[in-house]
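Colleague: Have a look at this one before I ask anything.
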Amino acid sequence: MKIFSKMLTTHTIKTLQSLDKKKFRQKYNLFLVEGNKIIKELKNSPFVIREIYSTDDTGLDFAKSKIHPITERELKKISLLQHPKDSVAVCELRNQSPIPADIQLVLDNI
């Protein structure tokens with residue numbers, strides 16, 4: 001598999017930064033996950049990982065086409081944390097169907 005080595009575009013950086021706000025997470029139907037450990041745990045979940053931006057992909061066992069190597073400086077730009085981890089993953093939000101109007105749940109004495 002091919003590993004992309006191009007630099008992040010300004011548009012991509014701004015899009016990833018915008019995922020900090022709920023309005024844009026809903027608009028793009030995406031959210032960010034940071035840290036290799038959590039990204040590995042996502043592999044066994046129903047969430048779909050679109051892309052992974054990583055300074056060090058040695059601990060990640062994903063298709064190489066999904067992993068984009070980036071610099072520490074680029075990671076600081078896209079991370080939502082003050083002290084970013086090694087990797088940031090872009091994941092798709094799951095579509096949750098609303099509860100039908102004819103179904104009601106009543107809880108008493110909880």
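Colleague: Determine which member of the set ILE78, ILE70, ILE110 is aliphatic (A, V, I, L, M), more than 15 Å from the chain's Cα centre (by Cα) and under 27 Å from LYS40 (Cα atoms). Show your work before the answer.
Modeller: Working: ILE78 fails: more than 15 Å from the chain's Cα centre (by Cα); ILE110 fails: under 27 Å from LYS40 (Cα atoms).
Step by step, each of ILE78, ILE70, ILE110 is checked, and only ILE70 is aliphatic (A, V, I, L, M), more than 15 Å from the chain's Cα centre (by Cα) and under 27 Å from LYS40 (Cα atoms).
Colleague: Return yes when SER18 is at pLDDT below 90, surrounded by 11 or more Cβ atoms within 10 Å (Cβ to Cβ), polar (S, T, N, Q) and in contact with a helix residue (DSSP H, G or I) (Cβ under 9 Å, 6 or more places away or on another chain) and no when it is not. Talk me through it step by step, then tell me what you get.
Modeller: Details: at pLDDT below 90: no; surrounded by 11 or more Cβ atoms within 10 Å (Cβ to Cβ): yes; polar (S, T, N, Q): yes; in contact with a helix residue (DSSP H, G or I) (Cβ under 9 Å, 6 or more places away or on another chain): yes.
Criteria not met by SER18.
Colleague: If you don't mind, there's one more thing I want to ask. Need pairs with beta-carbon distance below 6 Å; first residue more than 10 Å from ILE78 (Cα to Cα) and within region 1-20, second among the small types (Gly, Ala, Ser) and modelled with pLDDT of 90 or more; sequence gap 6+ or separate chains.
Modeller: none
Colleague: Can you tell me how many residues within region 77-105 are surrounded by 13 or more Cβ atoms within 10 Å (Cβ to Cβ) and not acidic (Asp, Glu)? Full working, then the answer.
Modeller: To start, the set of residues in region 77-105 that are surrounded by 13 or more Cβ atoms within 10 Å (Cβ to Cβ) comprises 77-79, 84-93.
Next, only the ones that are not acidic (Asp, Glu) stay: 77-79, 84-85, 87-91, 93.
Number satisfying all stated conditions: 11.
Colleague: Additional query: Just to check your reading of the model, which residue among ARG25, ARG94 is of a type in the set (Lys, Arg) and touching a strand residue (DSSP E or B) at 6+ places or on another chain (Cβ under 8 Å)? Explain how you work it out, then say what you get.
Modeller: Working: ARG94 fails: touching a strand residue (DSSP E or B) at 6+ places or on another chain (Cβ under 8 Å).
After ruling out the rest, the residue left standing is ARG25.
Colleague: Can you name the residue in region 48-58 that is crowded, with 16+ Cβ neighbours inside 10 Å and of a type in the set (A, V, I, L, M, F, W, C) and is also farthest from PRO69 (Cα to Cα) among such residues?
Modeller: Of all residues in region 48-58, those crowded, with 16+ Cβ neighbours inside 10 Å come to 49, 51-55, 57.
With the extra rule that they be of a type in the set (A, V, I, L, M, F, W, C), the set shrinks to 49, 52.
On the way: ILE49: 16, ILE52: 8 Å.
Checked region 48-58; the qualifying residue farthest from PRO69 (Cα to Cα) is ILE49.
Colleague: If I ask for residues that are more than 13 Å from LYS37 (Cα to Cα) and either at pLDDT below 85 or of a type in the set (S, T, N, Q) (or both), which ones from region 68-96 would you list?
Modeller: THR71, SER79, GLN82, ARG94, ASN95, GLN96
The values are calculated or read from the model by the stated rules, or taken from the named source; none is laboratory data. Since the model is a prediction, treat every value here as computed from it, not as a measurement. Because the Cβ atoms are built from the backbone with ideal geometry, glycine has one as well, and the counts that use them run over all protein chains shown.
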